[in-house]
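The values are calculated or read from the model by the stated rules, or taken from the named source; none is laboratory data. Computed from a prediction, not measured in an experiment: that's the story for all the values here. Virtual Cβ from ideal backbone geometry, glycine too; neighbours counted across all protein chains shown.
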Amino acid sequence: MQGRWILLAALTPIVIVIACSSPKQYGRKPLRDYSSPRASSTSYSGRPVSSTSAAAMLAQVRLVRDFVPKGRHSRRRHRPMRPRYITIHSTQNYSGDAYAHARAMKRGAFSVSWHYTVQDNVAIQHLPTNEQGKHADFDGPGNRYSIGIEMCEHRGNNRSRTLDRTAKLTAYLMKRHNIPITNVVPHYHWPRRGKRPPNKNCPHFLMTNGRPGAKWYAFRNQVNRYYRAIR
Ligand SMILES: [Zn+2]
């Protein structure tokens, strides 16, 4: 996410501090060619993925739709989108689960918005995928053309199950919108004009020294395995 979340509701049950806050540990220039696929020996799942339908893949995601009301808050202006990318984030919110983020977004507690929040046992959809969110790069292509997925980090949430559920959701969305694996990107991919550093260390637990490395490619390989399993 970009910038600080503005907390408008005093009674919010979750303590929202900063989403995907910008780290300061950038020593080298960001690489721009990281999107070329690489084999990874550090994949967190070596299990074969059996062939399945898109509907069955979505059923495994356990998706709950809980949209921000049309015409309100982040949907006040209709901003249509034909998604060409999928952007992966993590919340960096260590207290709020997916349900808390859904409630907060519905009552307009955030200055930002995104499409899905995933935790270990459920994924919640906040916006339709044919509408833009505000999660990547202000008025840049990350917001204009990408579906935003946030992964939860609250205490007690199982990270590997969250990653696996996110990988399945991403694979389903690739199939649904005809998006290639090279267009599945971390938030890092989208430079934010006027920000230092422009490329955010997000999702931080999949970055290596603040940029895509072995952990990111292991995740992306898992997404691709699920994608190829969809008939
Ligand atoms: Zn982010």
Checklist entry - Just to be sure, is Ile149 closer than 21 Å to Arg84 by Cβ and more than 16 Å from the ligand (Cβ to nearest atom)? => result no
Next on the checklist: Checking Arg107 against (1) within 16 Å of the ligand (Cβ to nearest atom); (2) surrounded by fewer than 19 Cβ atoms within 10 Å (Cβ to Cβ): exactly one of these is not met. Which one?
Outcome noted: (1)
Checklist entry - Say we look at the range 183-231 and pick out the residues that are part of a helix (DSSP H, G or I) and among the basic types (Lys, Arg); which of these is farthest from the ligand (Cβ to nearest atom)? => result Arg228
Next on the checklist: Against the condition touching a Ser or Thr at 6+ places or on another chain (Cβ under 8 Å), more than 19 Å from Tyr85 (Cβ to Cβ), at pLDDT 95 or above and away from the ligand (no atom under 13 Å from the Cβ), how does Ala123 come out, does it pass?
Outcome noted: no
Next on the checklist: Report every pair of residues separated by at least 6 positions or lying on different chains whose Cβ atoms are under 6 Å apart, first residue within the range 142-157 and modelled with pLDDT of 95 or more, second within 11 Å of the ligand (Cβ to nearest atom) and among the polar types (S, T, N, Q).
Outcome noted: Gly142/Thr87; Ser146/Thr87; Gly148/Thr87; Glu150/Thr91; Met151/Ser90; Cys152/Thr91; Glu153/Ser90; Glu153/Thr91
Next on the checklist: Given (1) more than 16 Å from the ligand (Cβ to nearest atom); (2) surrounded by fewer than 17 Cβ atoms within 10 Å (Cβ to Cβ), identify the lone condition not met by Arg165.
Outcome noted: (2)
Checklist outcome for this item: Residue pairs within 8 Å by beta carbon, gap of at least six or interchain, first lying in the range 118-138 and free of Cβ contacts under 8 Å to residues at least 60 places away in the same chain and under 18 Å from Trp190 (Cβ atoms), second within 16 Å of the ligand (Cβ to nearest atom) and part of a strand (DSSP E or B), listed first then second, are Thr129/Ile147; Gly133/Ser113; Gly133/Ile147; Gly133/Gly148
Checklist entry - So which residues in the range 77-112 are closer than 17 Å to Phe138 by Cα and free of Cβ contacts under 8 Å to residues at least 60 places away in the same chain? => result Arg77, His78, Arg79, Pro80
Next on the checklist: I need the strands (runs of 3 or more DSSP E) fully contained in the range 42-133, keeping only those with at least 1 residues that are farther than 15 Å from Asp164 by Cα and either in contact with a strand residue (DSSP E or B) (Cβ under 7 Å, 6 or more places away or on another chain) or hydrophobic (A, V, I, L, M, F, W, C) (or both).
Outcome noted: 63-65, 85-90, 122-125
Checklist entry - Is it true that Ile181 is hydrophobic (A, V, I, L, M, F, W, C) and surrounded by fewer than 19 Cβ atoms within 10 Å (Cβ to Cβ)? => result yes
Checklist entry - Here are some conditions: (1) without any contact (Cβ under 8 Å) to a residue 60 or more places away in the chain; (2) farther than 15 Å from Tyr145 by Cα; (3) of a type outside the set (Gly, Ala, Ser). Pro180 meets all but one. Which one does it not meet? => result (2)
Checklist entry - Within the range 86-99, how many residues turn out to be closer than 15 Å to Tyr116 by Cβ and either surrounded by fewer than 22 Cβ atoms within 10 Å (Cβ to Cβ) or away from the ligand (no atom under 16 Å from the Cβ) (or both)? => result 2
